[in-house]
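Engineer: Quick one: this structure, given as structure tokens, is what I'll be asking you about.
The values are calculated or read from the model by the stated rules, or taken from the named source; none is laboratory data. All of these numbers come straight from a predicted model, not from anything done at the bench. Positions of Cβ are generated from backbone atoms using ideal geometry, with glycine treated the same way; all protein chains shown enter the neighbour counts.
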Amino acid sequence: MTNAKRGRPVQYDREQALERASDLFWSAGFAATSLDDLSAATQMTRPSLAGAFGDKEALYIAALERYRDASVDAMREILSGKRPLRKELADVLRKATDVYMASADAARGCMLIGTASVEAVHRPAVRRVLQESLGAFNVVLEERMCKAIADGELDTEADAAGLASVTSAVMHSLAVRARAGEPRNALDKLSGAAVDLICGRRERPE
């Protein structure tokens, strides 16, 4: 009896594969991204992709969760409470817009808002991730609003949860407007108006 040689185990970089898959999903959406496209981008065969991530929807959800987790971490880092709320909110909106417009071609907006909101209608698993993601963003924002109220930056009667939702809604609007081709200066004006709405208008020097 001869010993059959075993093939080498498939080697892949999960983070790199997710990054490349995310890039495709973000640009083209879930439906328009084929398994062959994903195989080519990740440099993994279709069986290897299935073994590593499951079906196409499972890979898409993993990409969404990766995007969500990175976004929440970035938001939490900016909203540290070490600077005035006005400056931190302005930075959150500015850096979000940077991401929404960062593409060699047309602006892609937000991966969650731009792609998951479409699939959430008829894919419960995607809807769950979208709901969880929006909730995670609001938690970070609400915590910062609560600190601003405690520190006297906002009125004691201010609705922290409501202001967090308003900020999220502005971010969603920025994402959609960026994807629609609205110019950067228009998006920045929207961000500025939102910060004024939440924090109060700056007093103009006489």
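Engineer: Based on this model, can you work out whether Leu89 counts as part of a helix (DSSP H, G or I) and closer than 23 Å to Val170 by Cβ?
Structural biologist: For Leu89, the condition - part of a helix (DSSP H, G or I) and closer than 23 Å to Val170 by Cβ - is met.
Engineer: If you don't mind, another one. Considering each residue of the range 151-195, count those that are outside any loop (DSSP other than H, G, I, E, B), of a type outside the set (Gly, Ala, Ser) and surrounded by 13 or more Cβ atoms within 10 Å (Cβ to Cβ), and give that number.
Structural biologist: 15
Engineer: Given the structure, is Ala148 aliphatic (A, V, I, L, M) and in contact (Cβ under 8 Å) with a residue 60 or more places away in the chain?
Structural biologist: Here the answer is yes, as Ala148 does meet what is asked.
Engineer: While we're on this one: Testing Gly135 on (1) under 16 Å from Val170 (Cα atoms); (2) touching a helix residue (DSSP H, G or I) at 6+ places or on another chain (Cβ under 9 Å); (3) surrounded by fewer than 17 Cβ atoms within 10 Å (Cβ to Cβ), one condition comes back false. Which one is that?
Structural biologist: Gly135 satisfies every listed condition except (2).
Engineer: Return the residue satisfying two criteria in turn: it lies in the range 105-127 and is without any contact (Cβ under 8 Å) to a residue 60 or more places away in the chain, surrounded by fewer than 20 Cβ atoms within 10 Å (Cβ to Cβ) and in a helix (DSSP H, G or I), and of such residues it is nearest to the chain's Cα centre (by Cα).
Structural biologist: Ser117
Engineer: Would you call Asp37 at pLDDT 95 or above and over 27 Å from Ala186 (Cα atoms)?
Structural biologist: Criteria met by Asp37.
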